[in-house]
Amino acid sequence: MQLLWYFWIYSFLGWILERAYAFLVQSGRQERRCLLLLPLCPVYGLGMLAVLALPPMGWLSLVFWGGVMATAAEYGVHWACETFLGVRFWDYSGVPGNVGGRVCLPFTLAWGPLTAAAVRFIQPGLTSLTVPPALSWLFLLLFTADCVCSVQFLRTTRSVNALRSWNGALSSKRSERGRI
């Protein structure tokens, strides 16, 4: 279960990173690029699991291989979403050094130091993480339900925009309920 928690934690941190990046670049498009309800971007979790599978190495090697592994995960997730669901969550076609719009050199260069920093500074605090089994099973149930619903929604609509609109409508309803 510990690997699942690493996946979920890094997926959540990826969601935060996506939001922070959109805010910093003042993107007009700050929609979610992840699941229906949970604030998780699984591509980040998968990328970090790939990086954590690397053998111990020095900082520069970790920067290089971290960038390679995160980019490989990003490419694989993009390919799988496009192949099996008919959707593209992101498109780097306009970015220099892109490969089919799936990955690009500027983000590969960013993933290296980010993954190395996560391994050096975040991961040590997570290694002693203990979560009650009941909480792990509950979160697994929520995550699985969200994934099943998201995949079914995308397979039916083949539209990331529809997913974002549906998710945005849910967020608006939650906000309205909070104001009453």
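The values are calculated or read from the model by the stated rules, or taken from the named source; none is laboratory data. Quick caveat: nothing in here was measured; it's all calculated off a predicted structure. Using ideal geometry, Cβ is built from the backbone for each residue, glycine included, and neighbour counts are taken over all protein chains shown. Areas reflect the complete protein model, heavy atoms only, side chains present, ligands, DNA and RNA absent. Shrake-Rupley method; radii C 1.70, N 1.55, O 1.52, S 1.80 Å.
The radius of gyration of the Cα set in region 67-127, together with its Dmax, comes out at 13.4, 39 angstrom. With all protein chains in place and a 1.4 Å probe, the accessible surface of the chain carries 69 percent carbon and sulfur. In units of the rule-of-thumb radius 2.2 N^0.38 Å, region 73-175 shows an alpha carbon radius of gyration of 1.37.
For the chain, what does the relative contact order come out to in percent, with C-alpha contacts under 8 Å and a separation of six or more? Write down the numbers at each step before the final one.
On the way: 187 pairs, mean separation 43.2, N = 180.
Rounded, it is 24 percent for the chain.
The HN-Hα couplings worked out from phi for region 39-54 by the Karplus form 6.51 cos²θ - 1.76 cosθ + 1.60 (θ = phi - 60°) are x, 9, 10, x, 4, 5, x, 5, x, 6, 4, 5, 5, 5, 7, 5 Hz, whole numbers, x standing for Gly and Pro. In whole angstrom, the chain maps to an equivalent ellipsoid with semi-axes of 26, 22, 16, each derived as √(5λ) from the alpha carbon gyration tensor and ordered largest first.
Computed from backbone phi, the HN-Hα couplings of region 136-145 come to 4, 5, 5, 5, 4, 5, 4, 4, 4, 4 Hz, rounded to whole numbers (Karplus: 6.51 cos²θ - 1.76 cosθ + 1.60, θ = phi - 60°; Gly and Pro given as x). Counting only protein heavy atoms and a 1.4 Å probe, the chain has 58 square angstrom of accessible area per residue.
I want to make sure I understand the PRE zone here: with the label point 7 angstrom from the Cα of ALA20 toward its beta carbon, which residues in region 91-118 have backbone N atoms less than 13 Å away? Answer for this model: 114-115, 117-118. Partnerless cysteines in the chain, where a partner means another cysteine C-beta under 4.7 angstrom, comprise CYS81, CYS104, CYS147, CYS149.
Just from its helices, what would the mean residue ellipticity at 222 nm be for the chain, if runs of 4 or more DSSP H residues each count -39500 (n - 2.57) and the sum is divided by every residue, rounded to the nearest 500 deg cm²/dmol? Rounded to the nearest 500, it is -22000 deg cm²/dmol. Net length available on complete extension from MET1 to LEU54 is 17.2 nm, with 0.36 nm assigned per residue and the Cα-Cα distance removed.
For region 105-111, the Karplus equation 6.51 cos²θ - 1.76 cosθ + 1.60, evaluated at θ = phi - 60°, returns couplings of 4, x, 6, 4, 5, 6, 4 Hz by residue, with Gly and Pro reported as x.
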